[in-house]
Amino acid sequence: MFFRNRMLGAFPLALGLGAALFLAGQSPASAHGVVYKALSKNVEARGNHGDVIKHECKLFGAVAVMAQTRVKLEAVVSSNADCDECKELDGKAILNGVFVLRTAPGIEFGTHDMVGVLTNPAGRKFILVFDGTLNCGTHRVPVAECERCRVENHMEGCLKAYVRNADGSRGALKARATYAGKWQRDPAGGTGLSLLLAIDGVCIHPCVH
């Protein structure tokens with residue numbers, strides 16, 4: 001067990017992609033005025049989780065146990081040099097977030113959400129937003145291969161990075177990426193937590209003609 005005990009629907013095609021994304025709260029990507037740089041990073045993070053809140057639910061004739069906890073981690077983001085063109089997103093970050101898991105029956109699985117501020121060696125700051133799953137399986141080759149429904153200590157998701165304005169607000173979108181890796185709790189049963197992730201995607205840079 002992970003924790004010590006403590007209790008848009010489909011859019012009509014007539015709307016078009018831009019309208020559908022607008023209604024979903026997203027902006028469609030555009031090549032106008034920007035150029036993409038390759039983003040490839042390694043993330044090592046260590047920290048702790050807080051108190052755990054649990055509740056039970058009836059599911060398929062059995063009892064499912066849900067657990068939620070807050071997390072705080074210190075992360076080092078470094079370049080995967082062979083593939084990375086976006087050195088400005090190297091640096092250190094403080095991440096705060098929430099892990100939500102169904103801890104029983106079977107292998108625990110769930111979701112994670114984390115937000116943090118990265119500071120690079122030049123002192124520039126960026127807001128990082130992580131959104132993904134925990135233990136829900138790696139992406140197999142569709143149909144052709146099989147894997148277990150859930151994979152312990154696996155995490156993956158989507159990352160967006162934004163310029164952090166002087167007043168602390170979220171500025172322009174700087175990067176879009178996906179990530180995958182491992183999360184590990186303290187084997188001794190404490191509150192320690194660590195992450196090891198690979199991030200790959202695009203870094204958004206102003207176009208110079």
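On inspection, V76 passes the criterion of being in a strand (DSSP E or B) and surrounded by fewer than 17 Cβ atoms within 10 Å (Cβ to Cβ).
Filtered by the rule that a residue be under 20 Å from I94 (Cβ atoms) and in a strand (DSSP E or B), the stretch 182-209 gives W183, Q184, R185, G192, L193, S194, L195, L196, L197, I199. Contact map, the stretch 128-151: residues that are farther than 25 Å from L173 by Cα paired with residues that are modelled with pLDDT of 70 or more and hydroxyl-bearing (S, T, Y), Cβ distance under 9 Å, separation 6+ or inter-chain. Pairs shown: L134/T111; C136/T111; E147/T138; V151/T138. When the stretch 92-113 is filtered for residues that are over 17 Å from F126 (Cα atoms) and aliphatic (A, V, I, L, M), the ones remaining, listed by number, are V98, V100, L101, A104, I107.
Mind listing just one residue for me: the one in the stretch 162-179 that is among the small types (G, A, S) and crowded, with 16+ Cβ neighbours inside 10 Å and, of those, farthest from E44 (Cα to Cα)? Per the criteria, the residue is A175.
Do we find that G137 is surrounded by 14 or more Cβ atoms within 10 Å (Cβ to Cβ) and closer than 19 Å to V71 by Cα in this structure? Answer is no for this residue. Residue count for the stretch 51-69, restricted to those that are within 20 Å of N96 (Cα to Cα) and of a type in the set (V, I, T): 3.
The rows are residues; the columns are (1) closer than 30 Å to V52 by Cα; (2) surrounded by 15 or more Cβ atoms within 10 Å (Cβ to Cβ).
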site: V151; (1), (2): yes, yes
site: H154; (1), (2): yes, yes
site: C158; (1), (2): yes, no
site: I204; (1), (2): no, yes
site: C207; (1), (2): no, no
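Restricting the stretch 70-117 to residues that are polar (S, T, N, Q) and under 27 Å from N135 (Cβ atoms), the residue that is farthest from the chain's Cα centre (by Cα) is T103. Within the span defined as the stretch 86-106, one or more residues are buried (at least 19 other Cβ atoms within 10 Å of the Cβ) and part of a loop (DSSP other than H, G, I, E, B).
The values are calculated or read from the model by the stated rules, or taken from the named source; none is laboratory data. This is a predicted model, so every value here is computed, not measured. So basically every Cβ, Gly included, is an ideal-geometry build from the backbone, and we count neighbours across all protein chains shown.
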